[in-house]
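Undergrad: Please see the structure below; I have some questions.
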Amino acid sequence: MKSDEFNLFEAENIAWSIYNSAIDRGLIVPGKSEKELNNQLLELSKEIANTDVFWHKRIVRSGPNTLLPYRENPPDRILLEDDILFLDFGPVLEKWEADIGMTIVIGSDPDKLKLKSDTEKAWKEGQKFMLENTGLTGADVYDYVCNLARKYGWEYGNEHCGHLIGEFPHEKLQGEIKRNYLHPENKELINSADLNNKQRYWILEIHFIDREKQIGGFYEAFVGSLGGGAPSGN
């Protein structure tokens with residue numbers, strides 16, 4: 001029988017294939033609305049993964065909208081030349097949840113390209129921190145990620161930096177309480193068992209912003225087993 005961790009990595013790999021197909025087909029171009037691109041991601045998910053079920057709302061945010069965390073619902077915006085945007089989507093694949101997010105730069109603006117690169121590098125540092133250190137709480141991880149934002153010259157843009165991932169619907173099974181987020185108020189060990197005494201698995205989120213420049217960058221993926229596991233990512 002496949003392990004939960006294997007199933008989660010497998011689901012994530014399919015989600016990355018949806019994203020890569022959007023890139024390969026040239027879907028991310030100026031003049032398109034966020035809503036239109038969002039709908040195209042749904043169609044790609046149906047075509048590539050035979051799913052139209054997402055465990056959370058699909059997000060396409062560009063320009064100033066990239067400053068906003070998940071819970072916000074900004075008005076639709078048209079992608080511009082020399083723009084920045086991020087995607088965040090979580091398809092359900094054979095009952096297992098995926099959750100990936102990435103930043104895309106249209107054009108060659110150096111600040112936007114640095115932001116994209118920094119979110120990806122910081123995610124890898126955060127993953128290493130979580131996998132190599134025992135005794136971490138959700139608050140410890142959040143503090144570490146906020147320090148990463150300062151290290152790279154940005155501000156951290158959300159009230160938490162990650163959450164549980166698992167068998168759909170994990171939110172209904174585990175609830176939306178602080179212990180299930182990498183949140184500054186979560187003082188519980190992240191390698192503690194869930195409410196059913198099963199191992200918990202985490203998504204790590206990096207959301208760096210610059211309020212003055214009105215830009216934000218985002219990257220998220222499955223961390224892997226805190227007991228040691230395969231590297232995650234694209």
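Undergrad: Enter the mean projected area of the convex hull around the alpha-carbon atoms of the chain, in nm², rounded to one decimal.
TA: Average projection, Cα convex hull of the chain: 12.0 nm².
Undergrad: Can you find, among TYR156, GLY107, THR119, the residue farthest towards the positive end of the dipole of the chain? Put +1 on the C-beta of Lys and Arg, -1 on that of Asp and Glu.
TA: Final value for the positive-end residue is TYR156.
Undergrad: Further question on the same structure: Could you list the residues of the stretch 140-154 with an amide nitrogen less than 12 Å from a label point located 7 Å from the Cα of LYS114 in the Cα-to-C-beta direction?
TA: Once the point is set 7 Å along Cα→Cβ of LYS114, 152-154 turn out to lie under 12 Å by backbone N, inside the stretch 140-154.
Undergrad: Let me ask you something else. For ARG200, which sequence-distant residues (separation of 5 or more, or a different chain) have an amide H within less than 5 Å of its own amide H, given hydrogens modelled in the peptide plane?
TA: ASP194
Undergrad: If amide H atoms are built 1.01 Å from N in the plane of the peptide, which residues on other chains or at least 5 residues away come under 5 Å of the amide H of ILE215?
TA: ASP210
Undergrad: Can you tell me which of ILE206, ILE165, ILE48 moves the most in a GNM of the chain? Springs connect C-alpha atoms under 10 Å apart.
TA: Its mean-square fluctuation being the largest, the pick is ILE48.
Undergrad: Okay, moving on. How big is the stretch 85-215 on each of its three principal axes, counting only the C-alpha atoms and giving the largest first in Å?
TA: Taking the Cα atoms of the stretch 85-215, the three principal extents are 48, 33, 24 Å.
Undergrad: Treating only the Cβ of Lys, Arg, Asp and Glu as charged (+1, +1, -1, -1), what charge dipole size does the stretch 4-222 show about its Cα centre? Round to the nearest 20 debye.
TA: 240
Undergrad: Quick check: from the Cα gyration tensor, does the stretch 63-158 come out rounded (a/c under 1.5), prolate or oblate?
TA: It is oblate, given that a/c is not under 1.5 and a/b is not larger than b/c.
Rule-based calculations on the coordinates, nothing more; no lab input. The model shown is predicted, which means the values in this text are computed figures rather than measured ones. Cβ: placed from backbone, ideal geometry, glycine included. Neighbour counts: every protein chain shown.
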